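Participant: Take this structure first; my questions come after.
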Amino acid sequence: MSFKEILAGDLNTFVNPDEFADPCVFNLGGEDVTINALVDSSVVDDFAGAKVRGVYANTVTVYIRQGDLRPLPPVGSVLKLDGQSYFCRDQRIEQGLDVLVLERKLQ
C-alpha cells in the first residue's frame, strides 16, 4: 500500500467531527450548508506592540473533503463562514481536500 493510499484511507478521520473537524456553516449566495471542515485560524499580527494604525487581515484556511462543498467559491468572491463574511483569496486541492484561503478585514 502506498503512502497516498494510506492518506486517502485516513481522510475520513480528518473530516470526522469526533476527531479533528467541526461542523461549519457556509453560505454561498443565500443558502446555508453545514459541512464538516478543519479550520486553521491565524491573525496576521506583524505589528504586535507597535503603535501603527491600519487594516489587519484575519486569514482562515479551511480544509474540506473534496466534493463536499459545491460549487467552490471562486477566487475573489465573498462568502460567509459561520456567520462571518470572508473574501476568497485562494483555493486549491491537497491530498483529496479542497483548501480555501479566506480573508476578513479587521480595523
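The values are calculated or read from the model by the stated rules, or taken from the named source; none is laboratory data. Quantities reported herein were computed from a predicted structural model and do not represent experimental measurements. So basically every Cβ, Gly included, is an ideal-geometry build from the backbone, and we count neighbours across all protein chains shown.
Okay, residues lined up against (1) in a loop (DSSP other than H, G, I, E, B); (2) on the phi > 0 side of the Ramachandran plot; (3) at pLDDT below 95:
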position	(1), (2), (3)
PRO17	yes, no, yes
PRO23	no, no, no
PHE26	no, no, no
ASP46	yes, no, yes
GLY49	yes, yes, yes
VAL52	yes, no, yes
VAL60	no, no, yes
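Participant: Report yes if ARG70 is closer than 23 Å to ASP32 by Cβ, without any contact (Cβ under 8 Å) to a residue 40 or more places away in the chain and part of a loop (DSSP other than H, G, I, E, B), otherwise no.
Facilitator: yes
Participant: Please work out which one of (1) surrounded by 10 or more Cβ atoms within 10 Å (Cβ to Cβ); (2) at pLDDT 90 or above is the condition GLN95 fails and give its number.
Facilitator: Checking GLN95 against (1) surrounded by 10 or more Cβ atoms within 10 Å (Cβ to Cβ); (2) at pLDDT 90 or above, the one that fails is (2).
Participant: Here's another thing I want to ask about it. Which one of the conditions (1) modelled with pLDDT of 85 or more; (2) over 14 Å from ASP82 (Cβ atoms) does ALA8 fail to meet, given that it meets all the rest?
Facilitator: The one condition ALA8 does not meet is (1).
Participant: Please verify whether ASP40 is at pLDDT 85 or above and either farther than 19 Å from LEU72 by Cα or not polar (S, T, N, Q) (or both), treating the condition exactly as stated.
Facilitator: yes
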